[in-house]
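Data block below; observations after.
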Amino acid sequence: MTHAPAFALSPGGHAPEPHVPVFTGDTRKELDELLTRYPTKMAALLPALWIVQESRGWVSEGSMAEVADLLELTPAYVKGVVTFYYMYHQHPVGKYFIQVCTTSPCGICGAEDVVKSLLKHTTCGELGATSPDGKFTVIEVECLGACGFATPIMVNSEFIESVTADNVPQILERFQ
Amino acid sequence: MGFPHKPHERETVVLSQHFGNAEARSLDGWKKVGGYKALEKALGMQPAEIVEVVKASGLRGRGGAGFPTGMKWSFMKPGDGKPHYLCCNADESEPGTFKDREIMRWTPHALVEACAIGAYAIGAETAYIYIRGEFTEPLAEMNRAVKEAYAAGIIGKNAMGMGKRVDVHVHKGAGAYICGEETALMNSLEGRRGNPRIKPPFPAVSGLFGKPTTINNVETLVAVNHILLRGADWYKGMSLSNPKSTGTKLFSVCGNIARPGNYEVQMGFPFKDFLYDVCGGPLQGRQFKAVIPGGVSVPIQNMEEAEATLMDYEGFVERGSMLGSGGVIVIDDQQNMVKVIARIARFFAHESCAQCTQCREGTAWATRILERIAEGHGATEDLDTLLDISEDMTGKTICVLSDSCATPIVSGIKKFREEFEVLIKQRRFHPVTAAVA
């Protein structure tokens, strides 16, 4: 019996697909411009990974290898960096990726109820899971830095303040 | 001003003057309200003169440590033949703090100007503004402002047409609290994992890319604009109590309070008046129980301490806490302190970079115990264990994240011990019963 080697599978368990290069045309130009800002190529790593995530929605192992090649790093090094930072997705997520702040200041203002309400109305059911229709993924996040506007949530890159358990359905209407 | 509220009459608006004014976001609007005058003045001065003015103003770091800014700048030796760097720490991620966010959202050009001044004063040609990845709106504003400033020749090869090179770049973080620690931020900027570095060498000797570097908080840098234009004496004169704490300070207020938001007051303002008058006091029918005055890393104050505090670096220390980053978290009588502290500990356990054993293990272990107590399964010896772990987490690691986790635990047990004991005494033995309840 043969097994596919473990490294060929992405952490989400998706079958490996041939990698289509991210850095072509405009994205390549963007990277080249970024490289002029720093004295080392390595310093462009975080911005390069952002470009990957913005164009593909997540950072696959193939993308990591591509970035490594462009910045003269090893794929293992790049993976080490990707796994350190919470904002890079290592597997595909829902069309709308919702992050709810539940850290102490929001926690004492009802963030837990917002989480429950979101899980219910997105039909995700549990944190980290993607809804059956593939639209939503809800996760808890540590401090979004908008504590005075509890509870803040982020839907992809859109910041929404003062969310309560009650106004969740109204907010979700916009994301269909 | 108390954004999103109208300024309160007892506030002193300097840095927050233009919060809420959408016009001041653009270059033209910013120039209309006197923008880039400070940079023009700075580029006409010698770098050492600027450092002297900042020293004389008594300005201290607003990121949390309160180190004198002028002294920090004087560690840099312009003209030593090496490239120098300025880093602006805009990784504001201390829970309870959201002042830099408003500075960047509403007055992005103030920060571009401040970075250019700071870079010039320390002999650097490049300044990096490291902004946390979650701050999408501040990132967009800062990117736009930097672009505008380049296009107008305010920064770049020939800044303001005065023959000095000043580059300002925005760098986006990717979600890690620890990158607000200065050396972790530098590692992150270099494209590494955000692990703090062992000090010494300090950044002024070997910082970003191994070169002499100064790192300042957003609020600190922006204050320099005003100091240069209005003079060190004006800034010093705003101190209401201790002359070692000068100028104004932005306080972010959140939690169980009538009017959360950002408020700017003079150093030494009475904390009691601040909480009950400026921020509108407790929510209807409730009472304040505790305050964490400087972000979750500082000791918790009970109301007796808080109400006797004068809001400056020394004032908070005298009353059992610290000014920290100025993130005031107000907790009222509806909250259970054990639950609040358990959630704080969980935050640190999540954000530990895991380099040091005391931090990696300690934060997680303390969280497990605290959550167990909060859920009603605590044991009598748990409090001693927590204090013991906390002691081992203090002063033994590369950075202070571990200490920051221990601080609310120790101060919480000391000041609100009865809440822990009540939960432990009511211990529910059967987990199923606990789940039903």
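The values are calculated or read from the model by the stated rules, or taken from the named source; none is laboratory data. All values derive from a computational prediction rather than experimental measurement. Don't worry about glycine lacking a Cβ; one is built from the backbone with ideal geometry, like all the others, and counts go over all protein chains shown.
Give the residue that is nearest to B:S297 (Cα to Cα), with candidates limited to residues of region B:191-213 that are within 14 Å of chain A (Cβ to nearest Cβ) and over 22 Å from the mean Cα position of the chain (by Cα).
B:R192
Hey, could you check region B:63-87 for residues that are under 18 Å from the mean Cα position of the chain (by Cα) and modelled with pLDDT of 95 or more and say which is surrounded by the most Cβ atoms within 10 Å (Cβ to Cβ)?
B:L86
Kindly provide the set of residues from region B:156-173 that are surrounded by 17 or more Cβ atoms within 10 Å (Cβ to Cβ), more than 14 Å from every other protein chain (Cβ to nearest Cβ) and not in a strand (DSSP E or B), ordered by number.
Within region B:156-173, B:M160 is the sole residue that qualifies.
I'm trying to understand the selection: among the residues of region A:42-92, which are within 12 Å of another protein chain (Cβ to nearest Cβ) and surrounded by fewer than 16 Cβ atoms within 10 Å (Cβ to Cβ)?
Matches in region A:42-92: A:E54, A:E72, A:G80, A:T83.
Do we have B:G395 as surrounded by fewer than 17 Cβ atoms within 10 Å (Cβ to Cβ), closer than 30 Å to B:M267 by Cβ, in contact with a helix residue (DSSP H, G or I) (Cβ under 7 Å, 6 or more places away or on another chain) and modelled with pLDDT of 95 or more here?
So B:G395 passes the test.
For every residue, the table says whether it meets (1) acidic (D, E); (2) in a strand (DSSP E or B); (3) surrounded by fewer than 16 Cβ atoms within 10 Å (Cβ to Cβ).
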{"site": "B:S252", "(1), (2), (3)": "no, yes, no"}
{"site": "B:N262", "(1), (2), (3)": "no, yes, no"}
{"site": "B:V265", "(1), (2), (3)": "no, yes, no"}
{"site": "B:P282", "(1), (2), (3)": "no, no, no"}
{"site": "B:G285", "(1), (2), (3)": "no, no, yes"}
{"site": "B:K289", "(1), (2), (3)": "no, yes, no"}
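Among the residues of region B:327-337, are any closer than 18 Å to A:F84 by Cβ, within 11 Å of chain A (Cβ to nearest Cβ) and buried (at least 20 other Cβ atoms within 10 Å of the Cβ)?
Checked region B:327-337: no residue is closer than 18 Å to A:F84 by Cβ, within 11 Å of chain A (Cβ to nearest Cβ) and buried (at least 20 other Cβ atoms within 10 Å of the Cβ).
Residues of region B:190-217 being buried (at least 24 other Cβ atoms within 10 Å of the Cβ) and assigned to a helix (DSSP H, G or I), which ones?
Listed by number, the list holds a single entry, B:L208.
Which residues, taken from region B:218-241, are in a helix (DSSP H, G or I), more than 23 Å from B:T97 (Cα to Cα) and of a type outside the set (D, E, K, R)?
Just the residues of region B:218-241 that are in a helix (DSSP H, G or I), to begin with: B:218-230, B:232-236.
Still in the running and more than 23 Å from B:T97 (Cα to Cα): B:227-230, B:232-236.
B:I227, B:L228, B:L229, B:A232, B:W234, B:Y235 - these are the residues of region B:218-241 that are in a helix (DSSP H, G or I), more than 23 Å from B:T97 (Cα to Cα) and of a type outside the set (D, E, K, R).
Consider B:K157 against the criteria (1) under 18 Å from the mean Cα position of the chain (by Cα); (2) farther than 22 Å from B:L229 by Cα: it satisfies all of them except one. Which criterion is unmet?
The failed condition is (1).
Picking from B:A258, B:A290, which residue would you name as being more than 24 Å from B:G64 (Cβ to Cβ), within 14 Å of chain A (Cβ to nearest Cβ) and not basic (K, R)?
Step by step, each of B:A258, B:A290 is checked, and only B:A258 is more than 24 Å from B:G64 (Cβ to Cβ), within 14 Å of chain A (Cβ to nearest Cβ) and not basic (K, R).
In region A:117-176, what count of residues is obtained for those that are hydroxyl-bearing (S, T, Y) and at positive phi?
2
Of the residues in region B:49-62, how many are surrounded by 24 or more Cβ atoms within 10 Å (Cβ to Cβ), in contact with a helix residue (DSSP H, G or I) (Cβ under 6 Å, 6 or more places away or on another chain) and not hydrophobic (A, V, I, L, M, F, W, C)?
2
Take B:V146 and decide whether it is within 14 Å of another protein chain (Cβ to nearest Cβ) and outside any helix (DSSP H, G or I).
Working: within 14 Å of another protein chain (Cβ to nearest Cβ): yes; outside any helix (DSSP H, G or I): no.
Against the criterion (within 14 Å of another protein chain (Cβ to nearest Cβ) and outside any helix (DSSP H, G or I)), B:V146 does not qualify.
Kindly provide the set of residues from region B:95-139 that are in a loop (DSSP other than H, G, I, E, B), more than 8 Å from chain A (Cβ to nearest Cβ) and surrounded by 24 or more Cβ atoms within 10 Å (Cβ to Cβ), ordered by number. Break it down stepwise before answering.
Step one: of region B:95-139, the residues in a loop (DSSP other than H, G, I, E, B) are B:95-98, B:107, B:122-125, B:132-135.
If we keep only those that are more than 8 Å from chain A (Cβ to nearest Cβ) too, we end up with B:107, B:122-125.
Listed by number, the residues that qualify are B:T107, B:I122, B:A124.
How many residues, within region B:349-365, are part of a helix (DSSP H, G or I), away from every other protein chain (no Cβ under 12 Å) and touching a residue at least 12 places away in the same chain (Cβ under 8 Å)?
Residues in region B:349-365 being part of a helix (DSSP H, G or I), away from every other protein chain (no Cβ under 12 Å) and touching a residue at least 12 places away in the same chain (Cβ under 8 Å): 6 in total.
Residue by residue through region B:291-301, note down the ones that are part of a loop (DSSP other than H, G, I, E, B) and among the polar types (S, T, N, Q). Let's see the steps before the verdict.
Going through region B:291-301, the residues part of a loop (DSSP other than H, G, I, E, B) turn out to be B:294, B:296-300.
Of everything in region B:291-301, just one residue is part of a loop (DSSP other than H, G, I, E, B) and among the polar types (S, T, N, Q), namely B:S297.
Every residue, every condition in (1) in contact with a strand residue (DSSP E or B) (Cβ under 6 Å, 6 or more places away or on another chain); (2) among the acidic types (D, E), yes or no:
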| residue | (1), (2) |
| --- | --- |
| B:I155 | yes, no |
| B:M160 | no, no |
| B:G163 | no, no |
| B:D167 | yes, yes |
| B:V170 | yes, no |
| B:G194 | no, no |
| B:P201 | no, no |
| B:T220 | no, no |
| B:G231 | no, no |
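I need the full set of residues from region A:146-173 which are more than 7 Å from chain B (Cβ to nearest Cβ), surrounded by fewer than 21 Cβ atoms within 10 Å (Cβ to Cβ) and among the hydroxyl-bearing types (S, T, Y), in order please.
Correct list: A:S162, A:T164.
Considering only region B:366-377, I want to know if a residue exists there that is crowded, with 19+ Cβ neighbours inside 10 Å, within 14 Å of chain A (Cβ to nearest Cβ) and farther than 29 Å from B:P260 by Cβ.
Taking every residue of region B:366-377 in turn, none turns out to be crowded, with 19+ Cβ neighbours inside 10 Å, within 14 Å of chain A (Cβ to nearest Cβ) and farther than 29 Å from B:P260 by Cβ.
Just to verify a result, which residue in region A:123-145, among those that are in contact with a helix residue (DSSP H, G or I) (Cβ under 7 Å, 6 or more places away or on another chain) and not in a loop (DSSP other than H, G, I, E, B), is surrounded by the fewest Cβ atoms within 10 Å (Cβ to Cβ)?
A:E140
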